[in-house]
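Structure, as structure tokens:
The values are calculated or read from the model by the stated rules, or taken from the named source; none is laboratory data. What you see is a predicted model, and the numbers here were worked out from it, not measured in a lab. Positions of Cβ are backbone-derived with ideal geometry, glycine not excepted, and every protein chain shown enters the neighbour counts.
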Amino acid sequence: MFDINLLRTFLAVAEAQSFTAAGQALGLSQSTISKHISRLEIAAGRQLLARDTHAVALTAEGNLMAGFARDIVEASQRAADYFAGTVPRGRVRFGVSEDLALTRLPEILRSFMTANPFLSVELSVGLTTELYQRLDAGLLDLVFAKRRPGDIRGWPIWREKLAWMGHREFKLAADMPAPLVLYPSSSITGSLAIEALNRAGRSWFVVCTSDTLSGLRAATLAGSGMTAQSRLLLRHSDLVEVHESAGLPILGEIEFVVLGGSARLHGGTAALAEAIRARGAELWAEQ
């Protein structure tokens with residue numbers, strides 16, 4: 001068994017490449033650092049550091065030990081945190097709108113779950129309206145989606161204008177009725193699209209409906225009509241923005257928010273909400 005304190009000292013020296021700097025970082029004297037390294041090398045039966053009067057470097061065996069040491073120290077810290085009750089545990093029922101699920105959100109979730117190994121995330125992907133209904137019914141703990149008009153709850157993550165989207169060969173004259181691809185039930189994006197067309201006095205008709213975003217995308221790519229969605233979809237699909245010659249009205253803005261079932265969040269729900277608030281804007285960054 002390797003002494004955890006010796007491993008911590010070894011990692012500090014490996015990172016700083018200096019006994020003096022490692023001692024300053026750990027609050028130990030240089031002689032204590034030297035003793036720790038000597039004891040670890042005796043325990044391992046190998047030379048772990050190559051050192052002279054000018055530099056300190058890892059040997060081949062030292063590189064292997066560094067990997068083992070990081071795993072051991074991190075596992076020890078996770079165990080200590082767990083039994084001290086300082087890490088989130090349990091389950092978070094997390095709802096995400098479909099357009100967000102198509103982005104780099106899985107990367108953020110992977111990082112979060114790696115940092116919180118004792119927390120289970122139960123992911124639900126669906127329409128924003130349905131997610132809100134499930135949140136209000138107590139079936140979800142946290143939602144990351146568009147904000148419903150008139151709703152003031154939630155922490156804003158991003159704000160943007162919707163875009164009219166279609167197949168790259170889709171053409172629409174400015175005097176023609178707008179063929180829409182919509183969700184069959186009321187949705188935030190669909191409502192904003194219809195309101196914009198009505199305000200502009202532009203006639204429209206529904207050419208296709210689907211209750212999933214993948215269905216809307218497929219119908220739109222078939223070239224039969226156009227849809228109004230977050231610009232995120234332009235980055236993560238082969239749809240393009242409808243040409244301005246179509247004379248379509250400017251669509252309203254939408255806000256993406258992270259929203260809990262109550263004003264004060266606790267435990268794993270609070271930790272996940274904070275992770276989304278800290279890194280959520282990355283989803284809109286150019287890749």
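Conditions tested, residue by residue: (1) more than 18 Å from GLU255 (Cα to Cα); (2) touching a residue at least 40 places away in the same chain (Cβ under 8 Å).
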residue	(1), (2)
ALA193	no, yes
ALA196	no, yes
ALA200	yes, yes
PHE205	yes, no
SER210	yes, no
LEU216	yes, no
GLY225	yes, yes
GLN229	no, yes
LEU232	no, yes
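Mind checking which residues of segment 159-185 are of a type in the set (Lys, Arg) and either within 22 Å of TRP204 (Cβ to Cβ) or surrounded by 13 or more Cβ atoms within 10 Å (Cβ to Cβ) (or both)?
The initial filter retains those residues of segment 159-185 that are of a type in the set (Lys, Arg), namely 159, 161, 168, 171.
Within segment 159-185, LYS161, ARG168, LYS171 meet the criteria.
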Item to complete: Please note which strands (runs of 3 or more DSSP E) are completely contained in segment 55-168 and include at least 1 residues that are over 22 Å from GLY215 (Cβ atoms), in contact (Cβ under 8 Å) with a residue 60 or more places away in the chain and aromatic (Phe, Trp, Tyr).
Response: 90-97, 155-161
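Is segment 101-117 home to any residue that is of a type in the set (Lys, Arg) and over 14 Å from GLY280 (Cα atoms)?
Quick first cut of segment 101-117, residues of a type in the set (Lys, Arg) only: 104, 110.
Keeping just the survivors that are over 14 Å from GLY280 (Cα atoms) gives none.
Looking through segment 101-117, none of the residues is of a type in the set (Lys, Arg) and over 14 Å from GLY280 (Cα atoms).
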Discussion item. So, VAL207, is that one within 22 Å of THR129 (Cβ to Cβ), within 17 Å of the chain's Cα centre (by Cα) and of a type outside the set (Lys, Arg) or not?
Written reply: no
Discussion item. When you scan segment 270-286, do you find a residue that is buried (at least 18 other Cβ atoms within 10 Å of the Cβ) and of a type in the set (Phe, Trp, Tyr), even just one?
Written reply: no
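Out of the residues in segment 222-237 that are part of a loop (DSSP other than H, G, I, E, B) and over 25 Å from the mean Cα position of the chain (by Cα), which is modelled with the lowest pLDDT?
To start, the set of residues in segment 222-237 that are part of a loop (DSSP other than H, G, I, E, B) comprises 222-225, 230-231, 236-237.
Now restrict to residues that are over 25 Å from the mean Cα position of the chain (by Cα): 222-225.
On the way: ALA222: 90, GLY223: 86, SER224: 83, GLY225: 93.
Per the stated criteria, the residue is SER224.
Listed residues GLY150, GLY201; which is more than 25 Å from SER124 (Cβ to Cβ) and among the small types (Gly, Ala, Ser)? It would help to see each step written out before you state the result.
Details: GLY150 fails: more than 25 Å from SER124 (Cβ to Cβ).
Answer to the check: GLY201.
Being surrounded by fewer than 19 Cβ atoms within 10 Å (Cβ to Cβ) and of a type outside the set (Gly, Ala, Ser) is the filter; apply it to segment 89-108 and report the residue that is modelled with the lowest pLDDT. Before the answer, list the steps.
From segment 89-108, those surrounded by fewer than 19 Cβ atoms within 10 Å (Cβ to Cβ) are 89-91, 101, 104, 106-107; that's our starting set.
Filter once more, so that each one left must be of a type outside the set (Gly, Ala, Ser): 89, 91, 104, 106-107.
Numbers: ARG89: 65, ARG91: 85, ARG104: 83, PRO106: 88, GLU107: 87.
Filtering first and then ranking leaves ARG89.
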Worksheet item: Quick check: anything in segment 188-202 in contact with a Phe, Trp or Tyr (Cβ under 6 Å, 6 or more places away or on another chain) and either in the same structural domain as GLU274 (by TED's automatic domain parsing) or outside any helix (DSSP H, G or I) (or both)?
Response: no
Fill in: Pick from segment 24-62, criterion among the aliphatic types (A, V, I, L, M) and more than 17 Å from ALA12 (Cα to Cα), ranking: surrounded by the most Cβ atoms within 10 Å (Cβ to Cβ)
ALA44
Practice prompt. Only residues in segment 262-282 that are within 17 Å of PRO106 (Cβ to Cβ) count as the first member; pair them with residues that are assigned to a helix (DSSP H, G or I) and at pLDDT below 90, Cβ under 6 angstrom, at least 6 apart or cross-chain, and list the lot.
Written response: ALA275/PHE112; ARG279/ILE108
Discussion item. I'd like to check something: does segment 138-158 contain any residue that is among the acidic types (Asp, Glu), over 16 Å from the mean Cα position of the chain (by Cα) and crowded, with 20+ Cβ neighbours inside 10 Å?
Written reply: yes
Response to the item:
Quick count over segment 15-58, residues being under 19 Å from SER76 (Cα atoms) and modelled with pLDDT under 90, is 1
